[in-house]
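What follows is one structure encoded as structure tokens, with my remarks underneath.
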Amino acid sequence: MIKEVLTHITHHLDEEISLQDLAQLCGYSPYHLHRQLKQELQVPIGSFIKRQRMEKAAYLLSLTQIPVAQIREMVGYSDDSAFSRAFRDIKQCSPTQYRTANLFRDSLRAQEGYVSLAARTTTLPDQRAIVFPSLGDYFSKDIYKVWQDVKAYIRAAGVSEDSFEYYAVFYGCQNVSAGPNRYDAAIVPRPGVQLSPDKFFESRLPEGRFACYTFCCPVAELKKTSLLINKHFFGQPQWHHREGVSYFKFHHLPDPQHPDNQLTTWLLPIS
């Protein structure tokens, strides 16, 4: 039961975590849980949560280019000063100094990454997209080679990478259908972006309602991350999975040469 509580903390760092909520999760009284956790961890639960938040922040600062303000929110802080103080308490430097020094990049590569199970729902409209079809193993780095074609297209179009939103479109489940599966790289022009017509590439991304999970991890950890998210997703009684494509929405153009540790929102179709 204690292990479940610690796992819950790890995957809900972007939410407020109270002793009362943790006690309700495991069926203990807050007093009994606090005593059990302190005996297990050798530190108060508040100190443990703080360290977990800062370790995930350090991972994101070292191995991604996610803005510091966004990382702050991803580990549960709404105030810049409070986040900086907490980070300095654990790492003896500011978040910006830590990113600049980047002393621990190699030691952080083995971490499982960041996964938030604080899922939300969203509705996507029918969207015009420029699609680059491919086949491959969703859990392989080779699947990202198609994004080289996307980069070449953007360069030839003479527009900036910020002119688009970036989606991977999944037509199956790699855990169910082994071998090559269809995977489309899709880019959605932002409002006001004008492109010359190209019917070969143009398509539409289907509208619908989706459950959204945010994660950032090495590709080698992607299968484990997907299983974790799927387990949580199918355990939510308020959501009913519907047939249809699912999406990875990348927060920037994926790097086909270095696809690890890309901040991603997974959109799973629900009715």
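Read the figures in this text as sums done on the coordinates, not as results from a lab. From a predicted model like this one, the values you see are computed outputs, not experimental measurements. We place every Cβ from the backbone using ideal geometry, glycine too, and count neighbours over all the protein chains shown.
Before moving on, here are some points about what is shown:
- Inverse mean reciprocal Cα-Cα distance (Kirkwood Rh) of segment 180-219, Å: 14.0 Å
- Computed magnitude of the charge dipole of the chain (debye, nearest 20; Cβ of K, R +1, Cβ of D, E -1): 400 debye
- For segment 129-271, the ratio of Cα radius of gyration to the globular rule of thumb 2.2 N^0.38 Å stands at 1.05.
- Per-residue ellipticity at 222 nm, computed for the chain from helices alone with -39500 (n - 2.57) per DSSP H run of at least four residues, works out to -11500 deg cm²/dmol.
- Around SER134: net Lys/Arg minus Asp/Glu count, Cβ-Cβ under 15 Å: 0
- Length, then width, then depth: along the principal axes, the Cα atoms of the chain run 64, 44, 34 Å.
- If R0 is 35 Å, the Cβ-Cβ spacing of VAL43 and GLN65 corresponds to a FRET efficiency of close to 0.65.
- Local electrostatic count at TYR166 - Lys and Arg +1, Asp and Glu -1, tallied over other residues with Cβ under 12 Å: -2
- Net charge of neighbours whose Cβ lies under 14 Å from the Cβ of ALA157, counting Lys and Arg as +1 and Asp and Glu as -1: -2
- Size of charge dipole - segment 9-62 - debye, nearest 20, with Cβ of Lys, Arg +1 and Asp, Glu -1, no other charges: 240 debye
- In plain terms, if you count all Cα to Cα distances in segment 2-110 and split them into 10 Å steps from zero, the share in each step is 14, 44, 29, 12, 1 percent.
- When the listed pairs LYS56/LYS151; LYS56/LYS231; LYS38/LYS223; LYS223/LYS249 are checked against a 27 Å cut-off, the alpha-carbon distance exceeds it for LYS56/LYS151; LYS38/LYS223.
- Taken about its Cα centre, segment 31-184 carries a charge dipole of about 580 debye when Lys and Arg each add +1 at the Cβ and Asp and Glu each add -1 at the Cβ.
- For SER62, SER94, the sequence from fewest to most other C-beta atoms within 10 Å is SER94, SER62.
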